[in-house]
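Written out below as structure tokens is the structure these notes cover.
The values are calculated or read from the model by the stated rules, or taken from the named source; none is laboratory data. The structure presented is a predicted model; accordingly, all values stated were derived computationally and were not measured. Positions of Cβ are backbone-derived with ideal geometry, glycine not excepted, and every protein chain shown enters the neighbour counts.
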Amino acid sequence: MIGLVPSEGGAADVYEIRLRGELDDCWSEWFEGFTLTAAGDGTSTLTGRAVDQAALHGLLRRIGDLGVTLISVNVISVDATGAARRVAP
């Protein structure tokens, strides 16, 4: 386990990670708690929470081990209503 899902009551940043290639749903389990979505444009997106930077780096190592090209990593802000928006760098 690489600490991608926070414990009960814990806070964690939500990340949107874009990858080159359309990964099949069978890879979802490998990314522990992240939602995998094929965009239909030759890319895939992983969306989920990482409890800390070490957990995020662990996920990025898994992506690298798979040999998939990383396009972008964005932090997503979720407000009290559940609406999500990208956080400006």
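Just the residues that are under 10 Å from the mean Cα position of the chain (by Cα) and of a type in the set (Val, Ile, Thr), please, taken from region 18-46.
Thr35, Thr45
Going by what's in this entry, would Leu66 be described as surrounded by 12 or more Cβ atoms within 10 Å (Cβ to Cβ), within 14 Å of Ile17 (Cβ to Cβ), modelled with pLDDT of 90 or more and of a type in the set (A, V, I, L, M, F, W, C)?
So Leu66 does not fit the description; no.
Applying the selection to region 26-58, what residues are farther than 14 Å from Ser72 by Cα, surrounded by fewer than 13 Cβ atoms within 10 Å (Cβ to Cβ) and without any contact (Cβ under 8 Å) to a residue 12 or more places away in the chain?
Correct list: Cys26, Glu29, Asp41, Gln53.
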